[in-house]
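A.B. asks: First the structure, which I've put down as structure tokens, then a few questions once you've had a look.
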Amino acid sequence: MKKIFRFKAIILTFLLVFINFSNIFAEIEKESHIKFEEFPILNYENINNGVLQTEIYNNQLYVMWTESGKDQHYEIKIKKYDGTKWNEVDTNLLNNSITVGMMGIYLEVYNNELYVVWDEYDGIEDSKLRMKKYCNDRWIEVDPASLNDYNNIISWNNELYYIWEEYDENNVIQLRVAKNNGTNLLEVDNASSEFVEIDNGSLNYDTSKNAEFDKIEVFNNELYIIWDEYEIKGWKDKKIKKYNEGKWIEVDTSFSKNGADKKAIMYNNELYLMWAERNKNEGRKIKVKKYDGIKWIDVDKGFLNYDSSKDAFFPEPIIYKGDLYVSWVEYDKNGNRQIRMKILNGNKLVQIGNGSLNYDSNKSSTFSKYAIIYNNELYIIWDEDGDIRLKKLINNTKTEDKTKH
């Protein structure tokens, strides 16, 4: 009897080990099916930590960045990709004067037109908001109205929304929101556009505290704005409001007191929130939670990092072929910043590839990074050691199909 019992125990142990390894191999198989196509460097000169933006316009992928000229001022450069080849977009004197500096540069498509918005400054006077649209291969100046300081724009329900930071009379930064009045943005030479403020003077939860780093997203036909408000000793408290039927409604985010780089995305009818947060005696972690409309729940073990002792920044979630992908920047053991990526499998975030998308893991990527879907294909675009690098995901297979045995 003892021999039979021992034999059964050995068989049971073998089966448990086999099942465990089968799960591991299934996960490895899933990762191995996800590969990337490489592209040549896009920029002309070293971009010197400049701005990087992407947008889809007229069925082409537009990539905009800034390069530092001989006078050390940034100049806007743009290329467009038709799925086969890259073509230059004429950006000569896109900024009003190449002798001034530029910051806060964004691309946005509105009413089937491509807009570039930026701040110009000369180091003497206050910065000035500029806007131009791309029409018939030429740039037309547009009046951005009386907005004081530009941060982000988004087109929603056929209206253009502006989000900016503004000092009040007490020198406290308030988060502001305005939208155009339903008419098209007009060219400067014809007339001024009109905008309506929709924030009752401020979105801040507490108007005595500075607001910073706002983001805007659309979920379930509601507009969500995410930002930080500074608490005592410089700690940041994450805030969220959603716009519904002309009213701003608060969403509880009391779980985070020192968050930054926040991103949100709606996936499987749940709101996913990701942000970078530093904890005592640990590196900065990318935290992940999901909101089911009632409560927030940890995803996986609650953070993305490959190495929880290393700093990580700038999570970028995107849905592609029914799967949720997240890319981010993380320091490796040698102090180089790597572009990482994981895919959501159930409630688990699983590594893709060998742990880095960098062309050269001995070089650092900057924090300019974008994931975008063009022609039903997923592209990752980033700045690696001063060069614009690009990869396209290929051989995507649905997650649930690869984990079957």
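Each value in this text was obtained by applying a stated rule to the coordinates, not by laboratory testing. If you're wondering where the values come from, they're calculated on a predicted model, not measured in any experiment. Cβ: placed from backbone, ideal geometry, glycine included. Neighbour counts: every protein chain shown.
A.B. asks: Can you pull a Stokes-Einstein diffusion coefficient for the stretch 260-405 at 4 °C (1.567 mPa s), Rh from Kirkwood over Cα pairs, as a whole number of µm²/s?
C.D. replies: Numbers: Rh = 15.7 Å.
The Stokes-Einstein estimate is 82 µm²/s.
A.B. asks: Note down the nm distance, to one decimal, between modelled labels 7 Å out along Cα→Cβ at N87 and at K363.
C.D. replies: According to this spin-label approximation, the distance is 2.8 nm.
A.B. asks: Put a dot 7 Å past each Cα toward the Cβ at D298 and N171; how far apart are the dots in nm?
C.D. replies: Between N171 and D298, the label points sit 4.2 nm apart.
A.B. asks: Treat each spin label as a single point 7 Å out from the Cα along the C-beta direction, and report the E377 to K333 distance in nm.
C.D. replies: It is 3.6 nm.
A.B. asks: Between their Cα atoms, which of K215/K290; K80/K128; K79/K215; K215/K289; K35/K295; K239/K289 are more than 24 Å away from each other?
C.D. replies: Working: K215/K290 17 Å; K80/K128 27 Å; K79/K215 26 Å; K215/K289 17 Å; K35/K295 36 Å; K239/K289 14 Å.
Long pairs (Cα-Cα over 24 Å): K80/K128; K79/K215; K35/K295.
A.B. asks: Contour minus end-to-end for V196 and D137, with contour as 0.36 nm per residue of separation and end-to-end as the Cα-Cα distance? Could the numbers behind the result be given before it?
C.D. replies: Numbers: separation 59, 0.36 × 59 = 21.24 nm, distance 3.08 nm.
Gain on stretching V196 to D137: 18.2 nm.
A.B. asks: Let me ask something else about it. What residues qualify as long-range amide H neighbours of W156, i.e. H under 5 Å apart, gap of 5 or more or another chain, H built at 1.01 Å from N?
C.D. replies: HN-HN under 5 Å from W156: Y161.
A.B. asks: Set the Förster distance to 30 Å, then compute FRET efficiency between V218 and Y306 from the Cβ-Cβ distance, nearest 0.05.
C.D. replies: Numbers: r = 31 Å, r/R0 = 1.03.
FRET efficiency, V218 to Y306: 0.45.
A.B. asks: In addition: Taking K and R as +1 and D and E as -1, what net charge do the other residues with C-beta under 9 Å from the C-beta of E229 add up to? Provide the component values of the computation, followed by the final result.
C.D. replies: Working: positive: K209, K236, K238, K239; negative: D206, E212, D228, E231, D237.
Cβ neighbours under 9 Å give a net charge of -1.
A.B. asks: Residue farthest toward the positive end of the dipole of the stretch 260-405, with Cβ of Lys/Arg at +1 and Asp/Glu at -1: which of L271, Q351, L378?
C.D. replies: With unit charges placed on the Cβ atoms, the residue in question is L271.
A.B. asks: Pairs of alpha-carbon atoms within less than 8 angstrom and 6+ residues apart define the contacts here; what relative contact order does the stretch 260-405 have, in percent?
C.D. replies: On the way: 303 pairs, mean separation 20.9, N = 146.
Relative contact order comes out at 14 percent.
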